[in-house]
Amino acid sequence: MTFETIKTSSAKGVLTVTLNRPEAFNALNTLLLKELADLLEQVEQDHEIGAVVVTGGAKVFAAGADIKEMAALDAVGVMNDARPKHWRRIYQFSKPLIAAVNGYALGGGCELVMHCDIVIAGDNALFGQPEINLGIIPGAGGTQRLIRTVGKPLAMKMVLSGEMIDAKTALSAGLVAEVTIPEKTIERATELAQTIARKPPIAVRLAKEALLKAFETDLESGLNLERKSFTLLAATEDRQEGIAAFMEKRKPNFKGC
Ligand code: CAA
């Protein structure tokens, strides 16, 4: 697969995807979203890849939807837009997605961060939902995921005022898992992704699914899903291997079955 708007590289079970529209602060045009969704669907079948890092590089993560592209759409155009479909495809990716964020993560960029499972931010990162300044509201889950992630006071402040928050605030609010110096953001995200890529893949997948379910279901249904997945894992060879390796005081050799 060749791409126009993203770059990829892979090593040690981790695929790194770099958003690559520097002339537009990595604004997420429809082609970029489609290419990212296409790539993740392909990675779904690639048993060599256990986790994916998404980054914008050293300076900016993404400044949101491409406003110039959006300007050309009327209400019918927005209604028929392919973007929600691509966002859904990204959300449905079953392997861990780790965001490495330096600089601006605004609008759709902040929403892409919230499509990721773990966020590592440089201390220069700025997160915001500035859509209100354009006469619109977040359109890729920003109202729903932000409030579930950081709670009502901060989500209301960010969405209604358009004000950005820094990495330290994002960390204390739970949007970000770790803050590092900007030079180390991608390195740390990659290291974490490599650690996850060494874990038993079926357990990783079911853990991600169960954790995400907590965003959208009641406790009883979530606990039921957790228990079913816990039971299902008892049928895997990797569970036998993990427990045997512990007993025998050796490193496990997981095979993904
Ligand atoms: N779409 C398209 N182009 C963008 C862009 C965007 N979201 N953000 C930046 N750019 C472009 C600028 O137009 C500019 O290009 P030109 O030189 O060709 O004019 C280039 O990137 C650099 O931008 P600035 O000159 O503005 O750089 P700056 O350092 O002064 O400011 C910024 C940087 C604060 C990120 C500012 O560009 C900005 O506010 N961008 C828009 C942020 C925004 O409103 N995002 C929300 C978009 S709507 C959305 O995302 C909807 C949704 O939920 C799905």
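Descriptive notes on the structure:
- Any hit, the stretch 28-38, residues being assigned to a loop (DSSP other than H, G, I, E, B) and either closer than 27 Å to GLY256 by Cβ or not assigned by TED's automatic domain parsing to the domain that holds THR190 (or both): no
- Within the stretch 129-179, helices (runs of 4 or more DSSP H) holding 3 or more residues that are over 24 Å from LEU97 (Cα atoms): 152-161
- Number of the exception - PHE215 against (1) in the same structural domain as ALA82 (by TED's automatic domain parsing); (2) touching a residue at least 60 places away in the same chain (Cβ under 8 Å); (3) in a loop (DSSP other than H, G, I, E, B): (1)
- For the stretch 77-114, filtered to residues that are surrounded by fewer than 24 Cβ atoms within 10 Å (Cβ to Cβ) and near the ligand (Cβ under 9 Å from one of its atoms), the residue that is nearest to SER161 (Cα to Cα) is GLY103.
- Within the stretch 42-69, the set of residues being closer than 19 Å to ARG89 by Cβ and among the aliphatic types (A, V, I, L, M) comprises VAL43, ILE49, ALA51, VAL52, VAL53, VAL54, ALA62, ALA65.
- Qualifying residue in the stretch 155-168 (condition: outside the structural domain of ASN224 (by TED's automatic domain parsing), crowded, with 21+ Cβ neighbours inside 10 Å and in contact with a Phe, Trp or Tyr (Cβ under 6 Å, 6 or more places away or on another chain)): yes
- Residue match in the stretch 28-38 (condition: of a type outside the set (Phe, Trp, Tyr), more than 21 Å from ALA193 (Cα to Cα) and open to solvent by 40 Å² or more (accessible area, probe 1.4 Å)): yes
- Test: residue in the stretch 133-145 that is surrounded by fewer than 19 Cβ atoms within 10 Å (Cβ to Cβ) and more than 16 Å from the ligand (Cβ to nearest atom): no
- Pick from the stretch 10-64, criterion aliphatic (A, V, I, L, M) and out of contact with any strand residue (DSSP E or B) (no Cβ under 8 Å at 6 or more places or on another chain), ranking: nearest to the ligand (Cβ to nearest atom): ALA24
- Some residue of the stretch 113-129 being of a type in the set (Gly, Ala, Ser) and touching a Cys at 6+ places or on another chain (Cβ under 9 Å): yes
- Count of the stretch 3-23 residues, restricted to those that are among the β-branched types (Val, Ile, Thr) and either out of contact with any helix residue (DSSP H, G or I) (no Cβ under 9 Å at 6 or more places or on another chain) or open to solvent by 30 Å² or more (accessible area, probe 1.4 Å) (or both), is 2.
The values are calculated or read from the model by the stated rules, or taken from the named source; none is laboratory data. Remember, predicted model here, so these are calculated numbers, not experimental data. Glycine gets a Cβ as well: all are built from the backbone with ideal geometry, and neighbour counts include every protein chain shown. Ligands, DNA and RNA are stripped out before the accessible areas are found, and what is left, the full protein with its side chains, is counted by its heavy atoms. Shrake-Rupley method; radii C 1.70, N 1.55, O 1.52, S 1.80 Å.
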